[in-house]
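Presented below is the structure to which this report refers.
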Amino acid sequence: MIPDAEENDELEARDGYHLYTRPCVRVAVNIRPLVTTELAVGCTNCISVPPGEPQVQIGAHSFTFDYGYNGTVRAYGQTGSGKTYTMGTNYNGEGQNDGVIPHVMETIFSRVEVAKEST
């Protein structure tokens, strides 16, 4: 769905730029916690997330999250880099470290329930 002129003006007022003039590709990151074997050999996290801030830090570089309205989720990387973890779950059934897909589904169904209750 392409925003109409009114929606584009709202985006510009809120975010400071027109939808049609900003870059078309954005990247999101889900950080996999270190596993036991990595901790055992002294591995450390290379990415940090400042508490309460919409950004990630990699070394001296900070990357700030922005607003999104539509997206595609892809996982690409080396074996063992965390693709399954990012997309799915840690398979313990607790939901504590659920990946992108379970979070999205939970949000969708929660919003459907709220919509049902308000009608």
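Exactly one condition in (1) surrounded by 12 or more Cβ atoms within 10 Å (Cβ to Cβ); (2) among the β-branched types (Val, Ile, Thr); (3) over 17 Å from the mean Cα position of the chain (by Cα); (4) at pLDDT below 80 is not met by residue 21; state its number. Here residue 21 clears every test but (1). Per this entry, residue 32 is not counted among residues that are modelled with pLDDT under 80, out of contact with any Phe, Trp or Tyr (no Cβ under 7 Å at 6 or more places or on another chain) and among the basic types (Lys, Arg). Of 109, 65, all but one fail to be in contact with a strand residue (DSSP E or B) (Cβ under 8 Å, 6 or more places away or on another chain), of a type in the set (Phe, Trp, Tyr) and either at pLDDT below 85 or closer than 14 Å to residue 31 by Cβ (or both); the exception is 65. Scanning region 35-47 turns up one or more residues that are of a type in the set (Ser, Thr, Tyr), farther than 22 Å from residue 108 by Cβ, at pLDDT 65 or above and assigned to a helix (DSSP H, G or I).
The values are calculated or read from the model by the stated rules, or taken from the named source; none is laboratory data. Quick caveat: nothing in here was measured; it's all calculated off a predicted structure. No Cβ is skipped: glycine too gets one built from the backbone with ideal geometry, and neighbour counts run over all protein chains shown.
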